[in-house]
1. Looking at Ile143, is it closer than 30 Å to Leu81 by Cβ, among the hydrophobic types (A, V, I, L, M, F, W, C) and in contact with a Ser or Thr (Cβ under 7 Å, 6 or more places away or on another chain)?
2. Go through segment 140-180 and give me each residue that's in contact (Cβ under 8 Å) with a residue 40 or more places away in the chain and aliphatic (A, V, I, L, M).
3. Could you identify the single residue in Val134, Val152, Val138, Val118 that is outside the structural domain of Ala203 (by TED's automatic domain parsing) and under 20 Å from the mean Cα position of the chain (by Cα)?
4. Might you let me know whether segment 59-74 holds any residue that is farther than 29 Å from Lys123 by Cα, modelled with pLDDT under 95 and either touching a Phe, Trp or Tyr at 6+ places or on another chain (Cβ under 9 Å) or in a loop (DSSP other than H, G, I, E, B) (or both)?
5. For Glu55, work out the one condition from (1) within 15 Å of His150 (Cβ to Cβ); (2) surrounded by 17 or more Cβ atoms within 10 Å (Cβ to Cβ); (3) of a type in the set (Asp, Glu) it doesn't fulfil.
6. Scanning for something over 22 Å from Ala121 (Cβ atoms), in a loop (DSSP other than H, G, I, E, B) and modelled with pLDDT under 95, does segment 35-52 turn up at least one residue?
7. Does at least one position in segment 214-231 carry a residue that is in contact with a Phe, Trp or Tyr (Cβ under 9 Å, 6 or more places away or on another chain), outside any helix (DSSP H, G or I) and at pLDDT 90 or above?
Amino acid sequence: MTPRKLYCHPTARDLQVFSVLHMGEVVLPSVVYIVDDDVSFQTAIRRRLRLAGYEVQIYSSAEQFLDQQPDDNNRSGCLLLDVRIPGLSGPGLQARLHEAGSTLPIVFVSAHNDIKTVVQALKAGAEDFLIKPVTSDVLLTAIERAIARHDVSRKLQSELNLLRAHIATLTPRERQVFDLVVRGKMNKQIAFALGPTERTIKAHRHRVMEKMNVRSVTELVLIAKRLDHSAA
């Protein structure tokens, strides 16, 4: 009788190798940044995360991380952060990153489970707050969830950047036409408001649609709403 093969959940490395072999993509591993001054924790967690297929970068203080902080939009990843570290505290680093507009998800891993600190960290946007000692399965699950969220936020940011690039190609007159079109104005109304003939406005409107890479006014309105929302 042939023994049954047990299913094993694929690691981050497995998924990356599959992507390279079957999709022809060069995929860089996700990065887990660790800010913790506990050397024994650093050693143990580095080994475990590398086995799971992650790149690991370790910092002993918040200041060291800030000095060498990478662009978190270039690679997917997350930050494992202790609460009590020399110098700037974990929550202090969280606040600094938020002020800088960072999208890097934060998973706190700390031996200090003060309820007030936990609540404040989660309210400030932390992905999770784990108490040491933490099992590998619990930690890896939290990291995978955080990185998945980071992937989504990076994708949305990339889409917004593309839309802003399209907007930047519009001439001042085309931008005026764009603004009025998304407010529901017809060509005749736009011509009356801006001065040119209706035929000229129609030509401007056509160029706006081409540059924004859309086929309908509805798509144009949705773009305007996304850009307004992102600026809010």
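The values are calculated or read from the model by the stated rules, or taken from the named source; none is laboratory data. Just so it is clear, the model here is predicted, and its values are computed rather than measured. Ideal geometry is used to build each Cβ from the backbone, glycine not excepted, and the neighbour counts take in all protein chains shown.
1. Spelling it out, it is not the case that Ile143 is closer than 30 Å to Leu81 by Cβ, among the hydrophobic types (A, V, I, L, M, F, W, C) and in contact with a Ser or Thr (Cβ under 7 Å, 6 or more places away or on another chain).
2. Scanning segment 140-180 gives Leu140, Ile143, Ala146, Ile147, Leu160, Leu163, Ile167, Leu170.
3. Val152 is the lone residue from the list that is outside the structural domain of Ala203 (by TED's automatic domain parsing) and under 20 Å from the mean Cα position of the chain (by Cα).
4. no
5. Looking at each condition in turn, Glu55 falls short on (2).
6. yes
7. No, that holds for no residue.
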